[in-house]
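Worksheet: the structure to be examined is printed underneath.
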Amino acid sequence: MTVPAGGGALAEPVAPVGHGWTAALSLANGAIWVGWYGPLQILLAVQAAAVAPPGVAKESVLAWVTGAGAVVSLLANPLFGAVSDRTVSRFGRRTPWIVAGVVSGGAALVWLSGARTVWSMAAGWCLVQLTLNAAFAAVTAAVPDQVPRAQRGTVGGWLGAAQILGVLAGTGLATSAPSLATGYAACAVCTVLAALPYVLCHRDPVLPAAARPPLSARAFLAGFVFSPRRHPDLGWAWLTRFLINLGNALALLYLLYFLRDALHRPDPAGGVLALTAVNGATLLATVVVAGRWSDRVGRRQPFVLGSGVVMAVATVGLALWPTWPVALASAALLGVGFGVFTAVDFALLTDVLPDAAHRGKDLGVLNVANALPQVIAPVLAAPLVAHLGGYRTLYLTAAATGLLGAVLVRRIRGVA
């Protein structure tokens with residue numbers, strides 16, 4: 001990797017980061033996921049039922065609102081990553097956007113709680129996605145800015161653990177709140193407060209004004225289209241992340257229907273909760289350990305490849321032996337595999353970034369490979385289940401998709 005002149009924010013980090021820095025950044029990352037998943041898991045569904053016009057299904061309202069937010073998310077992450085790359089401030093490149101993102105995101109959550117129409121609800125959720133993605137782009141870019149390569153697996157593991165805990169905390173806050181407004185307010189307060197330790201206690205590298213390139217609208221927009229021919233490692237890393245995330249999304253999307261229609265569980269909702277708990281427990285148990293282990297051995301590819309194999313075995317089990325014990329074992333294996341992948345893939349991605357001046361933008365483009373599968377999975381899954389063989393076809397497709405992504409990691413030449 002070429003390190004541009006300019007030092008500071010553009011230098012390759014060599015000094016190890018401490019436990020306090022890692023904990024503070026992880027807490028800020030978890031805070032953002034609280035702001036996303038409290039609404040996504042509970043609050044938006046309740047609100048959709050309240051604002052749906054007569055004759056319009058609440059499910060349709062929820063799908064339209066979350067779909068609009070997903071589009072905003074896909075665009076906002078690379079956009080704010082690129083803007084933070086160019087930010088010249090005595091507080092650094094990333095910190096101003098973390099502050100602006102979580103404060104504006106908290107305000108957007110409170111405003112969303114007052115939405116009384118479908119249009120205002122959609123506008124509020126799009127605003128939440130816009131602002132929190134600004135903070136998320138800055139948080140993820142702080143890792144290649146400040147963490148040496150030999151520590152990135154460990155830090156990636158802690159960020160992954162914080163993400164899971166943030167989802168659980170957001171869901172818990174939304175579930176326990178006595179009203180819709182209280183639930184949104186609780187998520188907003190948590191999102192803002194949990195970001196404060198990083199913002200107040202840790203310095204962000206400053207970009208010298210002389211190192212910022214002249215602003216050109218054409219060059220700025222062209223920067224979002226990366227060439228796999230010029231940067232093949234970045235292209236293969238994007239495809240690997242996209243395919244493994246798509247396989248995981250296909251495997252988890254229809255769990256409720258699978259338990260009800262294929263396994264004939266008497267309480268399918270309770271079954272989903274049990275499988276989610278098992279999956280989350282094994283994911284948390286492996287995400288930090290795997291990241292630290294990959295740092296210790298100095299290799300990334302074997303971990304990504306192994307995680308894809310483990311996840312494929314899990315989904316093949318669901319396809320060929322659709323029983324409750326196999327479902328439990330598969331949920332555990334999916335958690336193990338995705339935990340390993342979450343930590344090590346993030347470290348691998350930061351290792352193949354081609355240009356220190358555009359870390360935020362490049363990571364934003366790579367983060368699209370996280371969000372896009374959530375949009376594509378329902379489009380693929382519905383015809384597979386309804387017309388092309390049912391759940392067996394769905395889970396075999398999930399296994400093949402994830403396994404292909406894992407195998408393609410071998411195409412990345414710049415990382416062992």
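Annotations for the structure displayed:
- Hits in segment 194-213 - residues which are of a type in the set (V, I, T) and closer than 21 Å to G166 by Cα: V199
- Elements of type helices (runs of 4 or more DSSP H) contained in segment 305-416, each with 3 or more residues being modelled with pLDDT under 85: 324-351, 359-387
- In segment 121-143, the residues that are touching a residue at least 60 places away in the same chain (Cβ under 8 Å) and either closer than 16 Å to L62 by Cα or not assigned by TED's automatic domain parsing to the domain that holds L79 (or both): M121, W125, V128, Q129
- Looking across segment 59-78 at every residue that is touching a Phe, Trp or Tyr at 6+ places or on another chain (Cβ under 8 Å) and farther than 21 Å from A174 by Cα, the one that is surrounded by the fewest Cβ atoms within 10 Å (Cβ to Cβ) is identified as A68.
- Applying a threshold of 9 Å to beta carbon distances and a minimum spacing of six or more residues, or different chains, the list of pairs starting in segment 320-339 at a residue that is in the same structural domain as L403 (by TED's automatic domain parsing) and surrounded by fewer than 22 Cβ atoms within 10 Å (Cβ to Cβ) and ending at one that is in a loop (DSSP other than H, G, I, E, B) and of a type outside the set (D, E, K, R) reads P322/L263; T323/L263; W324/L263.
- Here A100 fulfils each of the conditions (1) buried (at least 19 other Cβ atoms within 10 Å of the Cβ); (2) in a helix (DSSP H, G or I) apart from (1).
- Look at (1) under 14 Å from Q129 (Cα atoms); (2) among the hydrophobic types (A, V, I, L, M, F, W, C); (3) in contact (Cβ under 8 Å) with a residue 60 or more places away in the chain and you find that A28 fails only one, number (1).
- Selection status of V34, within 30 Å of A115 (Cβ to Cβ) and in a helix (DSSP H, G or I): yes
- Residue in segment 121-131 that is touching a Pro at 6+ places or on another chain (Cβ under 8 Å) and either surrounded by 24 or more Cβ atoms within 10 Å (Cβ to Cβ) or of a type in the set (S, T, N, Q) (or both) present: yes
- V199 at pLDDT 90 or above, more than 20 Å from A115 (Cβ to Cβ) and assigned to a helix (DSSP H, G or I): yes
- Here R86 meets each of (1) modelled with pLDDT under 90; (2) in contact with a helix residue (DSSP H, G or I) (Cβ under 8 Å, 6 or more places away or on another chain) with one exception, condition (2).
- Just one of the listed residues (V61, V72) is hydrophobic (A, V, I, L, M, F, W, C), out of contact with any strand residue (DSSP E or B) (no Cβ under 9 Å at 6 or more places or on another chain), at pLDDT below 90 and in a helix (DSSP H, G or I), namely V61.
- Residues satisfying the stated conditions in segment 283-298, i.e. surrounded by fewer than 19 Cβ atoms within 10 Å (Cβ to Cβ) and not hydrophobic (A, V, I, L, M, F, W, C): R292, R296, G298
- Residue count, segment 142-158 (criterion: small (G, A, S) and closer than 21 Å to W97 by Cβ): 2
- From L132, L127, residue being within 28 Å of T286 (Cα to Cα) and modelled with pLDDT of 95 or more: L132
The values are calculated or read from the model by the stated rules, or taken from the named source; none is laboratory data. Everything numeric in this text was worked out from a predicted model, so none of it was measured. Glycine gets a Cβ as well: all are built from the backbone with ideal geometry, and neighbour counts include every protein chain shown.
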